[in-house]
Each structure stands twice: as structure tokens, then as C-alpha cells.
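Engineer: My questions all concern the structure below.
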Amino acid sequence: MNVLLSWMQQFAPIEGEPEELAAVLTDLGLVVESIETVGASWDGIVVAKVIDLRPHPEADRIQLVDVMVGDQPADEPLQICCGAFNMSVGDLVPLATLGTIMPGGLEIARRKLRGEWSNGMICSAPELELEGDGDGIMVLEPGLPIGQPLTEALGVETDVLFDIDVEGNRPDALSVAGVARDLAARLGVPFAFPEVTLSGSAPATETVASVEIQSNDLCQRFGVRVLENVTVGTSPQWMASRLTAAGMRPINSIVDISNYVMLELGQPNHTYDLDLVPEGHLRVRMGSDGETLRTLDGQDRSITEVDGLICDANDQPIGLAGVMGGASTEISDSTTRVLLEAAVWDRMTIAKTSRRLNLRSEASTRFERGADPLGIERALDRFAELAVELCGATVTEGAVIVEGGLTPSPPVNVRTARVNHLLNTSLSADDIAGLLSPIGFSSRTAGGDSLDVDVPSWRPDSSIEEDIVEEIGRHYGYDKSGKRVPTPSQNGELTPAQQSRRHIRRAFVGAGLSEAMPLPFLAPDDLARAGLDEDGISLTNPLVAEESILRTSLLPGLLKAVGYNQSHRNEGVQLFEVGTVFLPSDQTLPDEQEWVAGIQAGASAVEATQLLHHLAGVLGLKGLTVANGERPGLHPTRSGTVTFRGRTLGEVGEVDPRVLDAYGIAGRVGWLQLATEPIAEALSTSPKYKKISLFPSSDIDLSFVVPDDEPVSKLLTTMEKAGGPLLRSVRFLNAFRSEQLGADARSLAFSYRFQADDRTLTDAEVAELRQNLIDAVEGKNRASLRT
Amino acid sequence: MIEDLPALVAAAVSAVATAATTDELRTLEQTHLGKEAAVLQARKQLGDLPKEDRKDAGRAINEAREQIEAAVEQRRTELASSERAAQFDSERLDLSEVVVGERPVGHRHIVTQAWEELEDVFIGMGFRVAEGPQVETDWHNFDALNIPPGHPARDGFDTIYVDHGESGSTLLRTHTSPVQIRTMLAQEPPIHVIAPGRVFRRDTADATHMPVFHQIEGLVIDRNISLADLAGTIEAFTTAYFGSGFSSRLRPNHFPFTEPSAEFDIQRPDGSWLELGGCGMVHPHVLRAGGVDPEEWSAFAFGFGIDRLALMKFGVDDLRELFTNDIRFLSQF
């Protein structure tokens, strides 16, 4: 909302430096985004009269213009070289005299153009930062004193424009008067609406216009006035300037007044050509499916039963309530009788219609947030006053106001103690009443040190005690509440799962992987391309199809990251992600699981598995095992399942080369993906201390010939069980294949350490332990000792 | 024999002194000090000497042996030193020639860095960390936060809905505020929590917008919590996170879930202001939705973006950089 200081001063004697006023507004929650000084850069620009026009002897596109600026002798006019040809002798024009700094920064100097002197510049509207035609110079209204500074001539004072960010709960501040009211209250100066003087003439308005509200849910109040003998023309410069400053384009006097009143008072309004409205009758009702209306912008709109309509006496729609008027009754240059409407509509209905038709206007914005239902009369009167002044209109006697579904809001009981509790203040009931009164919240004392507060009709956002507390706080000043730090009775800490997430990240970082953050959205074919089940949950209203499915795995996102890096010649990237996947579920919400995944470009399943075991070691995941098995998206013979404490923890291996082809990735890609929850559980239990034996250990190595389909992990399990407490460690050393061993078997070598806590083991004991191992492995793992 | 000792010693010392290697020295040691060494063989003759001479002769033999031992020890030290010197010379490495980068260095994402730093600041202030699902019910995301169906604020959130359950009933949370509701429903006051998390808006990606971003939410419910507690908490956070030269202010604003509401700004040491986030006293409707009696308890809440702090800290000027996963970006921090 752009608000001019001079405009606000119509309502209250607001004085102060622009920056100070802006700070006050901001402190009231009316955040000033920018302050602009307007009209100030017209110093040196005066009204000049054209007394002669001559062709330039050397140039076709320039003419020589003689102007008078007032005090020079009649035979010494100023010669100006001018590129525009739209003026005539006798016209008044704005002249930038020598030394003027133009709004754009250009300094006007005496100079020669093709041999002829130019003693200033005649200005176009855009050169003065005014709305208007840039092709020709600006021709001023006749009758202005020659030599008068342009600011005075146009009634444009040096002014300050505040660009204010108005929050959704403050429809009242979408008006100059509303902002002025808030500001005046804080500054302690009186606020008042200037009195409107209207002398209505016969006939009485109700004899030429009538209104019927058929839907009270749709319309709270509806008012009309009738203007006769209207001449639609151009608005005076002062109004055009204010509209322009407010960000609206001047169009014609009636449209401009309409916008002016809306900006000034916050009440949107609408005008009909009364001669085009049968019987001057307006009917307010809800629309029906199948009805149509051509709106002012020339579009044919399909009406539905959720839209509000203004119809004529024949029940034909002539306006879309609160959103846009109809074309059939539009004001034209030939209009002389104007039916003026000011109404207040149901917020939700306007919101729905403007959303449905994607028609957002200054009017619909105000209605959606809530216009002042009791401000209708003032808006009608103000409009009429301006129409009399600017369009020569006469006004019929009185306004017609029809009551709809307006329910007055009940008073709100506000307890002094509650106010002081929430704001940390010590205000009395009188203090509170004094803060509320200037912004229209009248109050009277009620029982138990409380006030009954009447909410003004322009504040639909205020309905409960806390709303009033906010108003009190706003006008008292939030800073007066002070600052204190509450002292919780608990210690701040992370949960084990949150700590574990940090450990996991640091383990991956320590292993040389960098943390990526792919978007969790996938394209419809991403899961299939990654070789995964296509069971991702889809988004109802995705922005783009490429981001329309929720991921069920971290694989597609990290594959894209690897592909992106490879295509930018970042070879061999190693990335990880801790992220949420979304799995289908029959519960209220999808099954969200947090996983961690690592991806290594140019690495094989061996390196991925080594990484896994390294991470397991760092994270203390003792007893984690890997068994080969096919995993969706992974290399069918180079991937497996990771098991930890009897639960599947995740997967490890290489990405399926077919998937890599689909993602355009070259080389092998190592992969591991684990659920974080079991890791968190493991991390939350501390390892138990085992005393270190002081006796020497006995170390032996054994090799077994084992069929290929018997995994090492199974042998290790057998050995750990068979070894008993004296087997302190078993380490897999290597696998060895040869023709001798056959095509389907390999030799696996292990190293064992035996040790007792209380003695040195005898050779006989070690031999027995060794034999136990051999017997167990041969018995359970289809293995034979290699000798 | 005894009289030969000086000559024996002289010969041995001379031989030892010119030993070229420790191996040669070991052989010489064996020769001159071993069981068969002439000096020691002299002991056998002691018995032949008159009793009164034995003592002197014995001492002479010991002295001879000690002289040779000293010579050997001295030579051993010399040889060890020169052999180490030779070894060091031959093992010379130029460490400037070592190929670096063979071991990849991992980096935490800057959003994670900011996230964890923020958590740590609030943990230091006695907060715990609460979490909630990213796909939420519309009730938790809107209704419970005083944004009933049809409320214009729902439009302002540019919500992404999810095809799960009844149409329109589930969505990608548009803010971390639903965690407030979940926390209230899960535990009795007093409550002092922060809720960092990932949130979603139906926004086209540009330098300042992403459909996915991260927020941190704070909620304090206790007896007698006032606007002053909110302002004090924001101020304490500001100095802890940004530094002692920074301060904060609250100014009125509007949010459906707080009343009174405020925006909080951070003032930099140079006097300029940074709009950081929204806050306010939790709206009684929200407290009731969480099963908390607003007459017994009062509460404040605040929230702000994590990503922007991460960008500011490192001078990154485009939000999209956070999500491209280019290693040249990730490895800078």
C-alpha cells in the first residue's frame, strides 16, 4: 500500500521527519518497505506560455519555440529547441529553466542545437515522472499563472510516499485513512474524517434506484447513490498525481474518483450507467451453474453457485459481486446518470470467486480481508462530493442503504491481569482504555478489573481477548514488554536418535564422503530407471512432472548427483545423504523412514563393502554381516543384504550397470544404503569393558576349501560359536581359487587368536581348540580343511 | 703371560678401532673378549702365580678386558651412528613431492552445519529437539494452527498435496509448526523445544526460492510466559548465534497461530537490520488444539529459515546451489 503523507494529513496533523514516521509505522506493524520523496525534483520547473512556433532552419525534427516565463520583457522571449510538435501558440507548458536538475538527474544548460540556442527544456509528462503521453510535451490547463512553479500550479506539494507492507489481518490499513488513524493514535494527535458537504437535490434517491438483497450470507450491507448530469472527463492533476503515486493509472474522472475513494477510505465501489440498468433496480443473489456474465474486461465468465451476483430487475447478471463489474452497464463517455454502489460482501465468497476465476483486484483483495460494513455511507458521500466537484454532477437526495447479513460483533471482555501477564506490563484499566480509544476500540469497565471492549466495524480480525491484547501491545510498544530469558527446569539435549544422526554424518564425512542434498521429488519414470518398484506416492498438484513422485529410496537422487558431477568432469565423487523416504502405508500418513546412503563413483562392490565395514567399526555396529543377494537397482551378482542384530539394516554393493546406463553414468558405482533407526539403537547402548588378558596368546591360521555358495559370514558364525570364550578373535584373511580346487569352490584362509585370562594355554589345549574349529566348520559349512 | 697383556690390549684396541661394520666389530669382540680370547686365557695362569702376585695379576687382566670392552663400545657407538646416517641419507623423502588428494575429504552440507549449530545454541539454552513427519495431515498443518478450511492464509502457503488417504487430507508440511501440535499432544507442559526440519512450498526454484527448504521452530509453554520471555529468548539466541555485537527487536506482525504476533529483526553491529523470522504468543486456539489450557499455561513460538543463515554465513548468493550437489560446491565448506 502506497500512502502519501499529504493525503494522511487530511485526516490528522501528522508531522515529523519521514524516517521517524516510517519507524513509527514499522513499530505499529505497518512495515515501511521504502520512503520516497515525490514532487521535490521539480525545482526550477515553471509554467511557460508559448508565444511563437517556427521551424528550425537546419533540422526537420526540431522546432523553435518562443516562450514567456513571466518577468522578462515581451520582446525578449526565451527560445527553446523542442522535439515535440503537439503545442500551439497560447498553450501553457512546463519549462525546465536553466540550471534545473531533472528527476532523472539531467542538468538543464544553455546549449546550441544545429546553430540555434536552446534556453531550457519543455517537458513531457514522463520526464516529470507523471503518468501520461511521452510522445508530446505536456500541455497544461489554461489559466495558470505564467512563471508559477509547477508544483504550485499542479497543486503537487513536495510529498513523502511510504510503501507499506500491510498484513492480511489489517484490511483497515489498506486505506490512507486507516494508516493515518493508526499513526495518529501512536503520535497522540487527533484523527477525524473531514466533513463531507453535499447538497442533494430532488428527486430522492429511492425514487430512481432500489436494491434488494436475496442472500444475506453473501452481502452484509449494500448502499447506492445516484449522480446526475455527470460529465465524464479527465481528472485534475492533483488527483492524477495521487493515484499515480498510489500505483494506479488515471483513466477518466469517474473511474479515478472510484479508485480515489477506495484508496482513501478502503471501501471498493462500483459505478453503473443508470440508464442501462432497468428501473434502476439491483438484486443481490448467489449465482447458478450455467449463468454467464461478460465482465468489464470483455471476458465471458461462467458463473457457478459459489459466486455472488448483482442482477438487474430482469434477474440478468450485471456484476460479479465484489470482484468485477459487468460490461453491459459500463460507464461511457456519453454516460450522464451514474448509479453508485458501495457494498460489503462475505469474505469467503469473494475469495473463492476471485481464486476460481484468477481475478484478483484491489477490490477483491479488500473484500477478502474484510471491508468496513459501516463505512458505506461515508464512501458514497465522499464519491458524490468529488463527482460534484470534478464532474459537475448533481446528487439525488440521500442514499439508499439496505441491510443484509451484518451481525454486529459482541463486546470482548479484556482482563487487565491477562493483558499484563501476556505483555509483562503493569497497565491499569484506564491505561488500556486510553490506548484502545484512539484506534476506535471503545471500552467500559466491567467486573473483576476488566473492560468490555467494542471492536470497531473496520477490524474484522479482532474477536477474542488476545486480539485486543495485541492492539494494546502494538500501541503501547512491544519494546516496553522488556526482555527476560525463561529458565527451563530441564537440561537441553539431543535424543539418542538425534545424536546418532550426527555420529552417522561424521562417520561418513570421516570416511571421505561429502554430504549431498538431493530433492526428495522424482520424475514418474525415475524409480523404473533406477530399477526400483514403481510404488512411490504421487503429489496431487506437482509444479512440474519431473518432481511429482515422493522418493522410496535415496538411490535415484544420488545417482542424479553422480551423473551431474560426472557430466561436469568431477570424477570419482563420493557422496552420502541422510534423508527421509516415503513408503506407501495404510495408515493416516505414509511410512516415513530415515535412511543413510553412500555412493562412490568409480568404486566396486568390494570398496563399498569395505566402506560399510569401516563405518560399522566407527559406529560400533559389532556383528554386522553381509550376505549376497539380489537387491532392486543393484548389480545382481555384486550386491547383498546387510544384517545387524538379526534385522535387515540395508544393502551394499554396486549399482546395476543397466541402471547406470539409464542414468548415463560411466564406470562402476559403489552403493550402500542403511536404515538409521537400528544404528541409533546400537549407539544408545555402551559397549561392556572386557579385561585384557596378561597371558600370551596362541595364534594359528587355517584354510578351508568351501563351496562358492557358502558365504564367509556363515563360516565366521560357526567359528565364533565353536571357538568358545577362549577364541579371542577370528579374522578372514583371503579367498583363493585354482583349477585344483575346482570351479565351484575356493579356499578361505582365517587367522585365530586363542587366549585365556588366567593362564598360558598349553599346546594340548590349543590343539583341541583347533580341532573343535575344524570339526564345526567341516560339519556345518560343507567345508574341508585344506592341507 | 701377564706381561703380554699390554701388547694384547694394544692389538685388540687397534683392531677394534678400525672395524668397518658392526658385523666385523661383533667378530672382533668375539676374538678379543670371547671365551678363547688371549686376555681371558691369562686367567688360567693365575693359579700358577705365587699367592701374593695373584691379586695384582687378576686386576691387570680385568683392566685389560675393560679397556678392550670400552674400545668395542666406543666403536659400536661410532658405527651405529654412521650407519644410521647412511640409512637416513638413503631413505630421504621429499614431502613436497607427495601426491595429495588420494584420500578424499568429506564435508558436511552447509545446511547441516547451520542446523547443528542452531541446535547447539538452543540446547545450551535448555531446549530439547522435537521432530515430526514431513507428510502431514491438513489438520496438523492448518486446522490445529488456527487456519481452518477456507481460511485465506491456506492459499498463501502454496501447499503441495499428497495422494495418500482422502483427497486433500495429506500434504507436505508447509512449515515446522505442526511439530508444535504433535509435541503438545505427546507431552505435558512445561515444554521447551525447538523443531528444525524440512518444509515444502509449491514454489518454482530461483535464487531465493526452493520447493524444499528448512526451518527451525521454537515453542515454550510454561506458567507466566509473556512477550518479554519471547523477546529475551530471541535476544539470547541472537547474541549466542551471531555474536555479542548483535541485538534483536520485535515488531508487530500477523500470523494465524500467534496472538499477539511479531516479526523479529536482527541488528548487525553496523546498525543495519535483518528480518529473520516470525514469532508471537501462541494463539489460544492452537494451545487448545494441542490439549493445553490457555488459562493455566501461556506460550510463545518462533520460527525462521535455516537455509538463508547457511547462505549468509558463507556468502552464497543462490539458494539453488544448496541442492545441485556439485562436489565443487560441497567441498568448499
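Engineer: Looking at the range A:103-124, which of its residues are at pLDDT 85 or above, closer than 24 Å to A:T37 by Cα and buried (at least 16 other Cβ atoms within 10 Å of the Cβ)?
Structural biologist: Scanning the range A:103-124 gives A:I108, A:M121, A:I122, A:C123, A:S124.
Engineer: Pairs, please: C-beta under 6 Å, at least 6 apart or cross-chain, first residue away from chain B (no Cβ under 11 Å) and in the range A:525-554, second assigned to a helix (DSSP H, G or I)?
Structural biologist: A:D526/A:P556; A:R529/A:A662; A:A530/A:L555; A:A530/A:P556; A:A530/A:V659; A:G531/A:V659; A:E534/A:L527; A:E534/A:A528
Engineer: Can you run down the residue pairs with Cβ atoms below 8 Å, 6 or more apart or on separate chains, where the first is in the range A:167-182 and outside any helix (DSSP H, G or I) and the partner is of a type in the set (V, I, T)?
Structural biologist: Pairs found: A:L174/A:V166; A:L174/A:T365.
Engineer: When the residues of the range B:175-188 are narrowed to those that are open to solvent by less than 20 Å² (accessible area, probe 1.4 Å) and within 13 Å of another protein chain (Cβ to nearest Cβ), which ends up farthest from B:W139 (Cα to Cα)?
Structural biologist: In this case the residue turns out to be B:T183.
Engineer: List the strands (runs of 3 or more DSSP E) inside the range A:1-76, counting only whole elements, that have at least 2 residues being under 30 Å from A:L144 (Cα atoms) and among the β-branched types (V, I, T).
Structural biologist: Hits in the range A:1-76: A:31-38, A:45-56, A:59-68.
Engineer: Would you point out which residue out of A:G482, A:G477 is closer than 30 Å to A:H421 by Cα, within 31 Å of the chain's Cα centre (by Cα) and more than 9 Å from every other protein chain (Cβ to nearest Cβ)? Steps first, please.
Structural biologist: On the way: A:G482 fails: more than 9 Å from every other protein chain (Cβ to nearest Cβ).
Answer to the check: A:G477.
Engineer: Then there is this: Got a sec? Which of A:R369, A:R356, A:R382, A:R360 is more than 20 Å from A:Y260 (Cα to Cα) and of a type in the set (K, R)?
Structural biologist: A:R356
Engineer: Then there's this: For the subset of the range B:115-129 comprising residues that are without any contact (Cβ under 8 Å) to a residue 60 or more places away in the chain and open to solvent by less than 40 Å² (accessible area, probe 1.4 Å), which member is nearest to the other protein chains (Cβ to nearest Cβ)?
Structural biologist: B:I123
Engineer: Does B:A228 satisfy the condition of being in a helix (DSSP H, G or I), within 9 Å of chain A (Cβ to nearest Cβ) and either over 32 Å from the mean Cα position of the chain (by Cα) or modelled with pLDDT of 95 or more (or both)?
Structural biologist: yes
Engineer: Restricting attention to the range A:180-210, report how many residues are open to solvent by less than 20 Å² (accessible area, probe 1.4 Å) and within 14 Å of chain B (Cβ to nearest Cβ).
Structural biologist: Result for the range A:180-210: 2.
Engineer: Six or more apart or on different chains, Cβ under 8 Å: which pairs go from a residue in the range A:569-590 that's more than 7 Å from chain B (Cβ to nearest Cβ) to one that's among the aromatic types (F, W, Y) and open to solvent by less than 10 Å² (accessible area, probe 1.4 Å)? Could you list them?
Structural biologist: A:F576/A:F508
Engineer: Of all residues in the range B:266-283, which are surrounded by 19 or more Cβ atoms within 10 Å (Cβ to Cβ) and either of a type in the set (D, E, K, R) or more than 9 Å from chain A (Cβ to nearest Cβ) (or both)?
Structural biologist: Of everything in the range B:266-283, those that are surrounded by 19 or more Cβ atoms within 10 Å (Cβ to Cβ) and either of a type in the set (D, E, K, R) or more than 9 Å from chain A (Cβ to nearest Cβ) (or both) turn out to be B:I266, B:L276, B:G277, B:G278, B:C279, B:V282.
Engineer: Follow-up. From the list A:S88, A:S41, which one is hydroxyl-bearing (S, T, Y) and over 22 Å from A:T158 (Cβ atoms)?
Structural biologist: Of the residues listed, the single one that is hydroxyl-bearing (S, T, Y) and over 22 Å from A:T158 (Cβ atoms) is A:S88.
Engineer: Of all residues being more than 14 Å from chain B (Cβ to nearest Cβ) and open to solvent by 40 Å² or more (accessible area, probe 1.4 Å) in the range A:444-474, which is modelled with the lowest pLDDT? Just the residue, please.
Structural biologist: Looking at the filtered set, the residue picked out is A:G447.
Engineer: Another one. Examine the range A:156-164 for a residue that is at pLDDT 90 or above and either of a type in the set (F, W, Y) or closer than 25 Å to A:M68 by Cβ (or both), and state whether such a residue exists.
Structural biologist: yes
Engineer: Mind listing whichever residues of the range A:204-226 are in contact with a Leu (Cβ under 7 Å, 6 or more places away or on another chain) and among the small types (G, A, S)?
Structural biologist: Within the range A:204-226, A:A209, A:G223 qualify.
Engineer: Check B:V135, B:V105 and return the single one that is open to solvent by less than 90 Å² (accessible area, probe 1.4 Å) and either within 14 Å of chain A (Cβ to nearest Cβ) or not polar (S, T, N, Q) (or both). Write out each step before concluding.
Structural biologist: Numbers: B:V105 fails: open to solvent by less than 90 Å² (accessible area, probe 1.4 Å).
None of the others qualify; the one that does is B:V135.
Engineer: Here's something else I'd like to know. Can you pull out every residue in the range B:130-188 that is within 22 Å of A:A351 (Cβ to Cβ), β-branched (V, I, T) and in a loop (DSSP other than H, G, I, E, B)?
Structural biologist: Result: B:I147, B:T159, B:T174.
Engineer: Given A:G147, A:G134, which one is away from every other protein chain (no Cβ under 14 Å), free of Cβ contacts under 8 Å to residues at least 24 places away in the same chain, among the small types (G, A, S) and surrounded by fewer than 21 Cβ atoms within 10 Å (Cβ to Cβ)?
Structural biologist: Numbers: A:G147 fails: free of Cβ contacts under 8 Å to residues at least 24 places away in the same chain.
Of the residues listed, the single one that is away from every other protein chain (no Cβ under 14 Å), free of Cβ contacts under 8 Å to residues at least 24 places away in the same chain, among the small types (G, A, S) and surrounded by fewer than 21 Cβ atoms within 10 Å (Cβ to Cβ) is A:G134.
Engineer: Please note which strands (runs of 3 or more DSSP E) are completely contained in the range A:623-673 and include at least 1 residues that are open to solvent by 60 Å² or more (accessible area, probe 1.4 Å) and under 24 Å from A:D535 (Cβ atoms).
Structural biologist: Because the criterion is at least 1 residues that are open to solvent by 60 Å² or more (accessible area, probe 1.4 Å) and under 24 Å from A:D535 (Cβ atoms), the strands (runs of 3 or more DSSP E) in the range A:623-673 that meet it are A:647-655.
Engineer: Right, next: Out of the range A:396-423, which residues are open to solvent by 60 Å² or more (accessible area, probe 1.4 Å) and farther than 15 Å from A:D454 by Cβ? Break it down into steps so the answer makes sense when it comes.
Structural biologist: Kept after step one, since they are open to solvent by 60 Å² or more (accessible area, probe 1.4 Å), are these residues of the range A:396-423: A:397, A:403, A:407-411, A:413, A:415, A:417.
Within the range A:396-423, A:E397, A:E403, A:R415, A:A417 qualify.
Engineer: Looking at the range A:509-524, is at least one residue in contact with a Phe, Trp or Tyr (Cβ under 9 Å, 6 or more places away or on another chain), under 19 Å from B:T170 (Cβ atoms), assigned to a helix (DSSP H, G or I) and not aliphatic (A, V, I, L, M)?
Structural biologist: no
Engineer: Go through A:E739, A:E768, A:E681 for me and flag whichever is closer than 25 Å to A:L624 by Cβ and open to solvent by 70 Å² or more (accessible area, probe 1.4 Å).
Structural biologist: Criteria check complete, one pass: A:E681.
Engineer: Of all residues in the range B:295-311, which are more than 23 Å from B:R201 (Cα to Cα) and either away from chain A (no Cβ under 13 Å) or open to solvent by less than 10 Å² (accessible area, probe 1.4 Å) (or both)?
Structural biologist: Within the range B:295-311, B:S298, B:A299, B:F300 qualify.
Rundown of residues vs (1) in contact (Cβ under 8 Å) with a residue 12 or more places away in the chain; (2) assigned to a loop (DSSP other than H, G, I, E, B), yes/no style:
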{"residue": "B:S244", "(1), (2)": "no, yes"}
{"residue": "B:R249", "(1), (2)": "yes, no"}
{"residue": "B:D265", "(1), (2)": "yes, no"}
{"residue": "B:G271", "(1), (2)": "no, yes"}
{"residue": "B:V286", "(1), (2)": "yes, no"}
{"residue": "B:G291", "(1), (2)": "yes, yes"}
{"residue": "B:G303", "(1), (2)": "yes, no"}
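Engineer: Starting from residues that are surrounded by fewer than 17 Cβ atoms within 10 Å (Cβ to Cβ) and in contact with a strand residue (DSSP E or B) (Cβ under 9 Å, 6 or more places away or on another chain), keep the ones in the range A:431-443 and report whichever is nearest to the other protein chains (Cβ to nearest Cβ).
Structural biologist: Going through the qualifying residues, I end up with A:S437.
Engineer: Sticking with this structure for a sec: Could you run through the range B:190-225 and say how many residues are under 23 Å from A:L539 (Cβ atoms), more than 9 Å from every other protein chain (Cβ to nearest Cβ), in a loop (DSSP other than H, G, I, E, B) and touching a Ser or Thr at 6+ places or on another chain (Cβ under 9 Å)?
Structural biologist: 1
Engineer: Here is a follow-up. Would you please name the residue that is nearest to B:I194 (Cα to Cα), looking only at residues in the range B:132-160 that are touching a residue at least 12 places away in the same chain (Cβ under 8 Å) and among the acidic types (D, E)?
Structural biologist: Across the range B:132-160, the extreme among qualifying residues is B:E136.
The values are calculated or read from the model by the stated rules, or taken from the named source; none is laboratory data. All of these numbers come straight from a predicted model, not from anything done at the bench. Using ideal geometry, Cβ is built from the backbone for each residue, glycine included, and neighbour counts are taken over all protein chains shown. These accessible areas exclude ligands, DNA and RNA; they are computed on the full protein's heavy atoms, side chains included. Shrake-Rupley method; radii C 1.70, N 1.55, O 1.52, S 1.80 Å.
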